[in-house]
Amino acid sequence: MDSARVKTLRSSGCSNSFGSFELIFPQNLHGVIEPLEFETTIKTINARCHTVMDKKYYLIFLISVLGLILSIVGFSKTANNVDPSNPSGASGGLALIVIGFILMFLGCCGYMIVFAIFRNKVLNKIRAELDLINLHFGTRRISWNLESEVVRKYIPIDEYNFHKNNQAYRNSIKFDHHNRPYKEETVHFIEIQFPARSVPTNVNILPVQFIPQMVSVPNQGINQGINFSSNMGGAHISLDMNSKF
């Protein structure tokens, strides 16, 4: 079986949309699927599966914003408490800092969970649509499947130098053998499988050789001689072929 890939379209800006695929016709699909049929199928998938994340889910970030505000207030309260006779002020500031960090952590985790649910919902919608498409292409032994793989996304040096002092950022990146920073991300694509086309082999056709056959003539026919006579214009022509050659 041969196969062709259809890549996922990257959403512009934040990753708040998913479910669209490129309309670029793979070259190895020539003779298998017509370009118009391919384009129509991809447009159908994009129209039915492309989903934009609801903006109300971004309200989860308010939890992180609230935690950030509490952390700033706690740091300010702790720094301004210079009276050693009043330790309650410093302890209150530390409490606000702890609560603030907890809220920021919960807000980030909550958004990641919501986005994972949103992404899985769209992936299931794509798989259901591909099942319907396979009913159409099944008679031609062509199958459409949703696949994924982990790829390297290299980071520009300017971006790395700007964030390299952030420990959380450094923990999320890796380096190759040339010490270039990159991130690993999972990308999805549609894999179209179809029967391999047989390549005709060169058949050498040898030219037909005609070999003349010798026909043996009996000697007695020659020994008897052959007489031809013709009377042309009163002249008599006679030909006598004897056996002496």
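The values are calculated or read from the model by the stated rules, or taken from the named source; none is laboratory data. On a predicted model such as this, the values are computed, not experimentally measured, just so you know. Here Cβ is always computed from backbone atoms with ideal geometry, including for glycine, and neighbour counts include all displayed protein chains. These accessible areas exclude ligands, DNA and RNA; they are computed on the full protein's heavy atoms, side chains included. Shrake-Rupley method; radii C 1.70, N 1.55, O 1.52, S 1.80 Å.
So the values come out like this:
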{"quantity": "Answer residue from segment 70-91, given it is closer than 18 Å to L103 by Cα and open to solvent by 90 Å² or more (accessible area, probe 1.4 Å) and is modelled with the highest pLDDT among those", "calculated": "I72"}
{"quantity": "Considering residues of segment 152-166 that are among the hydrophobic types (A, V, I, L, M, F, W, C) and in a helix (DSSP H, G or I) only, the residue most open to solvent (accessible area, probe 1.4 Å)", "calculated": "F162"}
{"quantity": "Filtered residues of segment 115-143 (kept if more than 30 Å from V32 (Cβ to Cβ), hydrophobic (A, V, I, L, M, F, W, C) and either under 21 Å from the mean Cα position of the chain (by Cα) or crowded, with 16+ Cβ neighbours inside 10 Å (or both))", "calculated": "F115, F118"}
{"quantity": "Breaking point among (1) open to solvent by 70 Å² or more (accessible area, probe 1.4 Å); (2) modelled with pLDDT under 85; (3) among the aromatic types (F, W, Y), for Y169", "calculated": "(1)"}
{"quantity": "Near pairs, Cβ below 8 angstrom, 6+ apart or cross-chain, from segment 182-200 (crowded, with 16+ Cβ neighbours inside 10 Å) to any residue that is in a loop (DSSP other than H, G, I, E, B) and at pLDDT 85 or above", "calculated": "I192/P26; I192/I33; I192/I142; F194/V32; F194/I33; F194/R141; F194/I142"}
{"quantity": "Unmet requirement for G13, which otherwise passes all of (1) at pLDDT 85 or above; (2) closer than 30 Å to A128 by Cβ; (3) open to solvent by 40 Å² or more (accessible area, probe 1.4 Å)", "calculated": "(1)"}
{"quantity": "Test result for E149, at pLDDT below 90, farther than 30 Å from F61 by Cβ and not in a loop (DSSP other than H, G, I, E, B)", "calculated": "yes"}
{"quantity": "Every residue from segment 18-36 that is touching a helix residue (DSSP H, G or I) at 6+ places or on another chain (Cβ under 9 Å) and in contact (Cβ under 8 Å) with a residue 60 or more places away in the chain", "calculated": "F18, G19, F21, P26, L29, V32, I33"}
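The rows are residues; the columns are (1) open to solvent by 70 Å² or more (accessible area, probe 1.4 Å); (2) of a type in the set (D, E, K, R); (3) modelled with pLDDT of 80 or more.
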{"residue": "I24", "(1), (2), (3)": "yes, no, yes"}
{"residue": "Q27", "(1), (2), (3)": "yes, no, yes"}
{"residue": "L36", "(1), (2), (3)": "yes, no, yes"}
{"residue": "T41", "(1), (2), (3)": "no, no, yes"}
{"residue": "N46", "(1), (2), (3)": "no, no, yes"}
{"residue": "T51", "(1), (2), (3)": "no, no, yes"}
{"residue": "K55", "(1), (2), (3)": "yes, yes, no"}
{"residue": "Y58", "(1), (2), (3)": "no, no, no"}
{"residue": "L62", "(1), (2), (3)": "yes, no, yes"}
